[in-house]
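The values are calculated or read from the model by the stated rules, or taken from the named source; none is laboratory data. Quantities reported herein were computed from a predicted structural model and do not represent experimental measurements. Every residue, glycine as well, gets a Cβ built from its backbone with ideal geometry; the counts of neighbours run over all protein chains shown. All accessible areas refer to the heavy atoms of the entire protein, side chains included, with ligands and DNA or RNA removed. Shrake-Rupley method; radii C 1.70, N 1.55, O 1.52, S 1.80 Å.
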Amino acid sequence: KLTMEWGSEETGKFIRAAELKHGRSAMLATVGYSFHKLGLTFDKISVHEYLSPTQDIKFADLAAMSPVDAMKSLPAESWLQMFAFCGIIEIYEMTHVGGKIAYDETVAPGLQPGGLTGDLGWNPLQITVDDRRQTVELQNGRAAMFAISAWLAAETIPGSMPLLLPWAKP
């Protein structure tokens, strides 16, 4: 209803696509954060000792830090790789329709009304995506956004989290 008053149906689709992508990112972040807190880090499974030999950053050094401190100590090239990967996904969604690049369009499909849907056409398990599954994914994404926000606040702002987390320092 809000998008119909302040925009259009296409505005609602755009907001839903953004929420879907942010939810997926938050789900990945919560998995990574919880793995780090549980000690399931690359220093135990990687055949390589270093994340970056040129900058002398070892996986074991990152595993000894909190997740936030580990992220802060990553080199600029790591951040560039992460943002480039996200940018490639965004460019793909802007320029492709049904898994194929749209050569004959004068305006990128993602910039057309209702063009961004969050569906990248990648479904290797061939799972039938119905309305219920889409709703579940959105709800899980919303829960993950709250979870990662709470975990980061609890770690970086003392006393900000009213619940005692098992890994939080008293």
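Here are the numbers for the structure shown:
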item: At R0 = 30 Å, FRET efficiency that the Cβ-Cβ distance of Thr156 and Ala84 yields, to 0.05; result: 0.70
item: Of the DSSP H helices in the chain, those whose Cα atoms cover at least 20 Å axially and whose Kyte score averages 0.5 or more; result: 76-95
item: Stretch gain in nm, segment Tyr92-Ile45, where the contour uses 0.36 nm per residue and the Cα spacing is subtracted; result: 13.8 nm
item: Solvent-accessible area per residue, Å², over the chain with all protein chains present [probe radius 1.4 Å]; result: 74
item: Cα Rg, Dmax (largest Cα-Cα span) when computed across the stretch 69-147, Å; result: 16.3, 47
item: Fraction of accessible area attributable to carbon and sulfur, the chain (%, probe 1.4 Å); result: 64
item: Dimensions (Å) - the chain, Cα atoms, principal axes, largest first; result: 51, 41, 30
